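These notes are about the structure you will find just below.
The values are calculated or read from the model by the stated rules, or taken from the named source; none is laboratory data. For clarity, every value in this text was computed on a predicted model and none was experimentally measured. Here the Cβ positions follow ideal geometry from the backbone for every residue, glycine too, while neighbour counts run over all protein chains shown.
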Amino acid sequence: HYEYSERIYIGQPAGTPVVQIHSMRETESEWPHFYLCWRASRPPLYASWFHMNETTGLLSLTKTLEWNDFATVGFKMCSILRPDCHMWPSVSITVTLENATLPPCGQMKPERLCFPLREVAPHITENRLAGALHQLRRLSLSDVSVPFAVNNATSELMVTGPVDREEREVYHMQIICTVDTGDTEHKLFLPMHVNIYDEDDSAPYIPFSDTENVVVEFSRMQGTVFGNVLVYDRDTTPVYPKHLIQNKLLGTIVTNDTWVKDTFTVAHSFREEKAIFGNVRGTVHEFKLILNKNLSVSEKRSFQIDYLVKDTTYTGPNGTVMLHFNVTVLPVPIHFTNVTYFFTVSRRASTYAQVGQVCVDNCLKFEGIEVEYQLVPLDRNASADLQSCYAAVVVTQSLRAASGRLYLNDSDVLQRPECQELQFTLVAQEQQQQLQAKTLLVIVFEGEASKPVDSRILSCAEKKGRAECETYQGLGTATGLCQWRQGSEKGISVNYSTCSPDLRTCPDRFCDAVERKDRTICPQDCARVPIIGGHETGSMYGIKAGHGTCYCVPDRCFCEPEDIKVAICNDVC
Amino acid sequence: LSLAGPSALSAAEPHKPVDCVRAGDMCSQSPQCSSRYRVMRQCLVGRDRNMLANRECQEALEVLQDSPLFHCRCKRGMKKELQCLQSYWTIHKGLADDDEFYEASPYEPVDSLRLASIISGMHTSTTRSSPQCQDSSRTCNPCLDATKACNLNDVCKRQRSLYISYCNKGSGHPSSEPCSRNRCHKHLRQFFDRIQNEYGYGLLFCSCRDAACAERRRQTIVPQCSYEDKSKPNCLRLRSDCREEQLCRSRLADFHTNCRVSPEYISSCPNENYQACLASYAGLIGTVVTPNYVDSSPSDFIISPWCSCHGSGNQEAECERFLLDFRNNTCLRNAIQAFGHGTDRPKPATVPPTTSVKPEPEMTANATTKEKMLRAENYPCAFPTCSLEYGDKCSLMCEVSEDPPEVLTIPMTRGQSSSLTDH
Amino acid sequence: AQKGPKHCSLRKIELTVTNLGLGYVSDETIFFTYCSGRCRESRSNYDLALERILSRKKRRCCRPTSYSDILFLGNNFKYQTIYNLTADKCGCL
Amino acid sequence: AQKGPKHCSLRKIELTVTNLGLGYVSDETIFFTYCSGRCRESRSNYDLALERILSRKKRRCCRPTSYSDILFLGNNFKYQTIYNLTADKCGCL
C-alpha cells in the first residue's frame, strides 16, 4: 500500500505536473495504463482540475488554481471509488491544497525542494524486471554497486535487475542533493530505504538431522509430546491475513499401518527468525510426534514413522522434505522388586493419621497409567476379633502420582491389646490391563494407648497457641498430639504459626487424598471457608500465607498476630 | 485521489455535525434515505468487494452522501454511543478501503478548553502537584496520590474496586475461576467512561521518578488479565480484529486522529490538543488494542499494544508503522509528560521536550556560497515544476548513495555533482 | 439462666408473664428464650481491623435473628399479645 | 476517629492499608468506615424483658448492616482483596 503526496499552491498554472506515478512490470509484455478513480462513487468538485496521463502516469493540473477554488473545496477530504477501480492494483494520492501562493525559490527550504513530504520507503517485489520505482525530484544517481540507478534524463530511480530478498531485505541508500540557488550551493543528504517484498521462491530444507529417535516408556498419556525435527525455509510466512498464508508447509504420515496412524500424530508450529538466515527474515518449522491416545502398559513395538512435508506455495524443484521418527515403545512392568513394607503406628495416633506411602516400581514416573492398591489380610482364618483389627488401616489412591497412601481408619482398634501386628498382602492392580503385583505389608502398633479425652475429636487447627496445641489429641495426629509450628516472620508469610496434626504433610499447600477425606483434618491446606485477617489463599483452596497465627473454626479461619490479648467476650458487648 | 486541507483529518467541519443517532432518525423519516440505508446495511453484511461494487450499493452510497448521515459524528460516552457508531460506520465503512491506514474519527473533536479546565482543576486538587512531591525529603509517588484521590472518592473507589474484582480473578482468588478478559475489559471501559477524567488520567498518566511508582502506573489496568497473553499476535491481525468491532474501530480511529504525530505542530499533536490525545488513549483501554506501559521505567517509558510484527511477511513496513504509532509517538509522549507535570496546554513558545522525528527525514546539509548573477528570492520556484517551467534558473541536482558514504565522486559538469556510496 | 456452651446460642428461662416485669398480669407460665454466649469465632475482617485501629473490642453481639410473639389470657380474663418478646434464633451480628 | 453524633451512625478514618494492621502491606490510602454510637432508642419488648429478668443491660449493638470489600495494589504489586472490611450502613442490632 504505497502513498504519493504533494502540495499545490494558488496561482499554479494549468499543465503544472503534480505527481509522477510509477508501476513496475511483472512481465516483458506488460505495459501499465494509469487511471484516476475516486473514493466516493461520484467524482468530487475538484476532479476536473486534474489530468492523469494514461501511459506516462504523470498527474498534472488542468486549470490555474484561484483563491476561491480553495474556499469552495474547504478542508473536506472526500474519497470516491469508481466501480472497476478496486479491481486493479491502486495507490492513494494525497494532494494538499495550500492556502497560499508558491513561495519564491530562495525562500523555499532546500529540503522542500528536494524531497517530498513523507519519509521515502518504497517496496518492490523480488525477481522482477528492471524499471522505475520512485520519482526523485530532478535527481540523478550515478552508478553505484547497489542494483539501483537514476535515469539522469528523467530523474527516475531505477532498479537495474532482479533482486533477491533472501540475500537482502532492505537497501539503505542515501540521496545526496545539490541545490544551486544562485549565490549558494546546498548539499543535502537524505537516507532512503528500499524494501524488497518476498515471494515463495525458496524450498524448505533440513538444517540438522531428518531423523529423531523416540522412546515411549513411563509417559503413555494422550497428548504426550516426543521429539522435535526442525525444517528451515528462507521465505517469510505471514501469519496474517489467514487466507493469504504463503509458504505454508503441510505434512502427511507416510504409512499404511493403521495402528500407527491411530496412535500417533505430528504437530507442526513455526516461528520467524532472522539471525540464523543472515539477518534476513526466514521461518523455522518444528515437527513433534504426539500420542493420540493412552498407550497400554503392555504395548511393545519398534517402528519408523516417515513424515512427508510439502511447501504448498513453492513452485520450484524439491519443494518437499521427508522426516523420520524411529519409535521404540517399551512395556511397563507392574512390579514390586524385592520390596516389603513395614510400618509402625503409635497406639496414641488418632483417626486419619497418615501411616505411609506405597508404590510399585517407577510409579512416581507414571503418566497415563492408573494403579490401585488394596490391603488383603494375610491370615484369612484369623478369629473375628483379630479380623476386626485389620479395619484399623486403609489405603487410598494418591492424587498426583500412581502411589497409595496408608492411613488410620479407626483409632478405637488401637485401644485393643490383641491388635498388635497386622500382616497384609499389598495388591497393586493396573486398571487398563488388570496387571497385578503383590508384596507383604506389616504394620506394628507400638506404645501405650491414650484414654480418649473427648468423644468428638476436633481439628488441631482450632488451637491458637503452642500450649493448647501440643496437649490436644486432634484429628489425623500420628503421635496422638497436635504439633505446633511457630512462625517468625512479620507480615503475611507462608511460614505462619499454626497447629497441625502432622507437620510432614500439613500445611504443605497440597490438599492430599487423606486430608480430602475430612477437610477439618488440615483446613490449612483444604479450607474452602472465608479466611479472616491478612492472608493469601492457595491456588484452589486453603491458606498459602497468613499473618501471625492461623487457626480455623468450622465456618471460617482466622489469621491474626498472637500479640492481641483477646479477653474472652462476656455476654454483653 | 484525495484532496486535503493543511490539517487534513481533524479540522473542524464547515458546519456543526448532528449526532448519528439523530441523523439516523432523520434518515428513517425520509423514504428515499431509509431505503438506501437498508440497502447499504445489506451491502456491508456481504463485506465482499464485489458486493460494494454492484450498482445498487453504489447508488445507495451516492444518495446517502447527501444525507445527514454522511456528516454526522458521535460523542464519547454519549447515550446510545454504540448505536451512533453503528450508523456512522454503515456509511463510512462503505467508503473506506479495507486496509486504510488511518481512518477518520467518528467522534466529534473534543473541545480542548472544556477538557483542559477539567484536568487543570485537578492540578490544584490532590493529584500531581500534591505537597508530598514538593517536599523532596519524602518519597514522591504521584501514582500513589492518584490512587488515594480515587479511593477517597466514593464513585471512583466503587468503580475501581469493580474492575479490579473482575480483572484480578484467578490469581489466588478463592473462587479461582480464570480471569475473563471480556468482563475485565468491559469494566475497565466502564471505569474510564463513568468516573471524572481527573481520576482516570491521574492513575493512567501520573509522572514517575522511580520504578515503584512506574510499576504501580503499569499495574493500573491489571495487565495480567487485560493486556498480557501467552503469545503476541501480529499487530495487523490485532488491528483487523479491532476493526471488526465498531467500538474498537472507533476508538482506534479516534486515537489515530488525535494522537497522530503532526510535525507541523510544536507539541507534535494535531491542533496542539494534548487533552484530545489523552482522551483517545484512555478510550482504547478495554478494547482489543488495549495499550499499556511495557515496563516500569519511570520517565523514558514505552507504550505499546500487546502485539509484534513477527510473521508480517510483505506487510512488515505497515505493521511496524502501526506499532510505532504507539511505541514512538512524540505527541502521545508529550501529552503524557505534560499531564504529569501539570502543563497540559503548551503555549506556542514552549517547545516540548521532544520535537517530532517523523516524517521529517533526518537531513544533513552543507551550503557553499557562490557568486551568482540571479537573485533567487524573487523567482517563484515550484517543485518539480521548477525545472519545466523556469528552465535552469533553479537547477537541482541530487545523487543517491548508500550510507555510511564511502564517497566516490565522479567529475561532473558545473551545477551537477554526484557521489556514490554503498554499504 | 442456663449455664450452657460458651458460643452464642439460644437460652431459656421458665417464668410467669407477670414476672416478665412488663406490667402484664397473668399467672400463665412461659419459656422466655434469649440469646447469649461468645461471638469470638464469628469475627470478620471488619472486627479485626476495628480491634487493631481503635484497640477497642467492638465485638459482634450475640443477638436474636428472629423473634416470636407471646399470646396469653391475662388474670383479667382478656387475651393479650406481647410482640417480638422471645428470641427464635440467635446469631453474632 | 471522628467525634460524631451520639446515635449509632457511620464514622470514617483515613489510613493506609498497612495501618489496618491485618498484615497487608500497601501504601494505598483508604477510608475505613465503621459504626459507632448509642442504640438506646431502638429497644424492643425483648430488650425490656431481658433488662428486667437478667437485670443486665443487654442493649442492642451499633453494628454494620452491610459491608464492602477493599481492593488494592499491594507494595508487592499484586492486587488483593479484603472481604467485608468496611461498614456501608449501620443499625442497632
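Go over the candidates A:224, A:211 one by one and state the one that is surrounded by 14 or more Cβ atoms within 10 Å (Cβ to Cβ), touching a residue at least 60 places away in the same chain (Cβ under 8 Å), closer than 26 Å to residue A:295 by Cα and more than 26 Å from the chain's Cα centre (by Cα).
Within the list A:224, A:211, the selection yields A:211.
Quick one: in the stretch A:231-253, which of the residues that are among the hydroxyl-bearing types (Ser, Thr, Tyr) and assigned to a loop (DSSP other than H, G, I, E, B) is surrounded by the most Cβ atoms within 10 Å (Cβ to Cβ)?
Ranking the candidates gives A:236 first.
Filtering the stretch A:515-524 down to residues that are surrounded by fewer than 24 Cβ atoms within 10 Å (Cβ to Cβ) and in contact with a Phe, Trp or Tyr (Cβ under 9 Å, 6 or more places away or on another chain), which residue is nearest to the other protein chains (Cβ to nearest Cβ)?
So the residue we want is A:519.
With A:228, A:256 as the choices, which residue is polar (S, T, N, Q), at pLDDT 80 or above and in a strand (DSSP E or B)? Quick ask: steps written out before the conclusion?
Numbers: A:256 fails: in a strand (DSSP E or B).
After ruling out the rest, the residue left standing is A:228.
Of the residues that make up the stretch A:429-445, is at least one of a type in the set (Asp, Glu) and closer than 21 Å to residue A:385 by Cα?
Among the residues of the stretch A:429-445, not one is of a type in the set (Asp, Glu) and closer than 21 Å to residue A:385 by Cα, which makes the answer no.
Among the residues of the stretch B:214-269, write down those that are assigned to a loop (DSSP other than H, G, I, E, B), within 14 Å of chain A (Cβ to nearest Cβ) and of a type in the set (A, V, I, L, M).
The answer is B:261, and nothing else.
Okay, residues lined up against (1) surrounded by 21 or more Cβ atoms within 10 Å (Cβ to Cβ); (2) without any contact (Cβ under 8 Å) to a residue 24 or more places away in the chain; (3) under 20 Å from residue A:502 (Cα atoms); (4) among the hydrophobic types (A, V, I, L, M, F, W, C):
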{"position": "A:409", "(1), (2), (3), (4)": "no, no, yes, no"}
{"position": "A:425", "(1), (2), (3), (4)": "no, no, no, no"}
{"position": "A:443", "(1), (2), (3), (4)": "yes, no, yes, yes"}
{"position": "A:448", "(1), (2), (3), (4)": "no, no, yes, no"}
{"position": "A:460", "(1), (2), (3), (4)": "yes, no, yes, yes"}
{"position": "A:471", "(1), (2), (3), (4)": "no, yes, yes, no"}
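Quick check on residue C:60: is it modelled with pLDDT under 90, closer than 21 Å to residue D:54 by Cβ and touching a helix residue (DSSP H, G or I) at 6+ places or on another chain (Cβ under 7 Å)?
Here the answer is yes, as residue C:60 does meet what is asked.
I'd like to know if the stretch C:55-63 contains one or more residues that are assigned to a strand (DSSP E or B) and of a type in the set (A, V, I, L, M, F, W, C). Steps first, please.
Looking only at the stretch C:55-63, we keep the residues that are assigned to a strand (DSSP E or B), and these are C:62-63.
If we keep only those that are of a type in the set (A, V, I, L, M, F, W, C) too, we end up with C:62.
Within the stretch C:55-63, one or more residues are assigned to a strand (DSSP E or B) and of a type in the set (A, V, I, L, M, F, W, C).
Being of a type in the set (D, E, K, R), within 8 Å of another protein chain (Cβ to nearest Cβ) and in contact (Cβ under 8 Å) with a residue 24 or more places away in the chain is true for just one of D:11, D:52, D:63. Which residue is that?
The unique qualifying residue is D:63.
Within the stretch B:68-83, can you find the residues that are of a type in the set (D, E, K, R) and assigned to a helix (DSSP H, G or I)?
Of everything in the stretch B:68-83, just one residue is of a type in the set (D, E, K, R) and assigned to a helix (DSSP H, G or I), namely B:81.
Out of everything in the stretch B:205-263 that is of a type in the set (Val, Ile, Thr) and farther than 21 Å from residue B:318 by Cβ, what residue ends up being farthest from the chain's Cα centre (by Cα)? First the steps, then the outcome.
Residues of the stretch B:205-263 that are of a type in the set (Val, Ile, Thr), as a first pass: B:220-222, B:257, B:261.
Adding the requirement that they be farther than 21 Å from residue B:318 by Cβ leaves B:220-222.
Details: B:220: 20, B:221: 19, B:222: 22 Å.
Only one residue tops the list, namely B:222.
Scan the stretch C:69-93 residue by residue and report those that are on the phi < 0 side of the Ramachandran plot, without any contact (Cβ under 8 Å) to a residue 24 or more places away in the chain and more than 15 Å from the chain's Cα centre (by Cα). Break it down into steps so the answer makes sense when it comes.
Just the residues of the stretch C:69-93 that are on the phi < 0 side of the Ramachandran plot, to begin with: C:69-76, C:78-83, C:85-93.
Applying the additional criterion that residues be without any contact (Cβ under 8 Å) to a residue 24 or more places away in the chain yields C:69, C:71, C:78-79, C:81, C:83.
Within the stretch C:69-93, C:71, C:78, C:79, C:81 qualify.
Please list, ordered by residue number, the strands (runs of 3 or more DSSP E) wholly in the stretch A:1-90 having 2 or more residues that are more than 29 Å from residue A:124 (Cβ to Cβ), at pLDDT 75 or above and charged (D, E, K, R).
none
Tally up the residues in the stretch A:533-547 that are buried (at least 24 other Cβ atoms within 10 Å of the Cβ) and within 10 Å of chain D (Cβ to nearest Cβ), please.
Our first condition is that a residue be buried (at least 24 other Cβ atoms within 10 Å of the Cβ); within the stretch A:533-547, this holds for A:533-535, A:542-543, A:546-547.
Checking which are within 10 Å of chain D (Cβ to nearest Cβ) leaves us with A:533-535, A:546-547.
Going through the stretch A:533-547 one residue at a time, the tally reaches 5.
Please enumerate the residues belonging to the stretch A:315-374 that are within 16 Å of residue A:432 (Cα to Cα) and either part of a strand (DSSP E or B) or under 35 Å from the mean Cα position of the chain (by Cα) (or both).
A:331, A:332, A:363, A:366, A:367, A:368, A:369, A:370, A:371, A:372, A:373
Out of the strands (runs of 3 or more DSSP E) lying entirely within the stretch A:458-573, which hold 1 or more residues that are of a type in the set (Phe, Trp, Tyr)? Working first, answer last.
On the way: elements: A:483-485, A:498-500, A:531-533, A:535-537, A:543-547, A:549-553, A:556-560.
It comes to A:483-485, A:549-553, A:556-560.
Which residue out of C:66, C:36 is among the polar types (S, T, N, Q), within 12 Å of the chain's Cα centre (by Cα) and over 30 Å from residue A:534 (Cα atoms)?
C:66
Scanning the stretch A:176-197 for residues that are buried (at least 21 other Cβ atoms within 10 Å of the Cβ) and more than 7 Å from chain B (Cβ to nearest Cβ), which turns out modelled with the lowest pLDDT?
In the first step, residues of the stretch A:176-197 are kept if they are buried (at least 21 other Cβ atoms within 10 Å of the Cβ); the result is A:176-181, A:188-190, A:192, A:194, A:196.
Those still in the list that are more than 7 Å from chain B (Cβ to nearest Cβ) too: A:194, A:196.
Values: A:194: 88, A:196: 92.
Across the stretch A:176-197, the extreme among qualifying residues is A:194.
Which numbered condition trips up residue A:348, out of (1) surrounded by fewer than 16 Cβ atoms within 10 Å (Cβ to Cβ); (2) under 26 Å from residue A:449 (Cα atoms)?
Checking residue A:348 against (1) surrounded by fewer than 16 Cβ atoms within 10 Å (Cβ to Cβ); (2) under 26 Å from residue A:449 (Cα atoms), the one that fails is (1).
Being at pLDDT below 65, crowded, with 20+ Cβ neighbours inside 10 Å, more than 18 Å from the chain's Cα centre (by Cα) and farther than 17 Å from residue B:256 by Cα is true for just one of B:90, B:127. Which residue is that?
When all the criteria are applied, what remains is B:127.
Here are some residues: A:158, A:173. Which one is of a type outside the set (Ser, Thr, Tyr), within 7 Å of chain B (Cβ to nearest Cβ) and surrounded by 15 or more Cβ atoms within 10 Å (Cβ to Cβ)?
Unique residue meeting the criteria: A:173.
When the stretch A:299-314 is examined, which residues are found to be in contact with a Leu (Cβ under 7 Å, 6 or more places away or on another chain) and assigned to a loop (DSSP other than H, G, I, E, B)?
Hits for the stretch A:299-314 are A:300, A:312.
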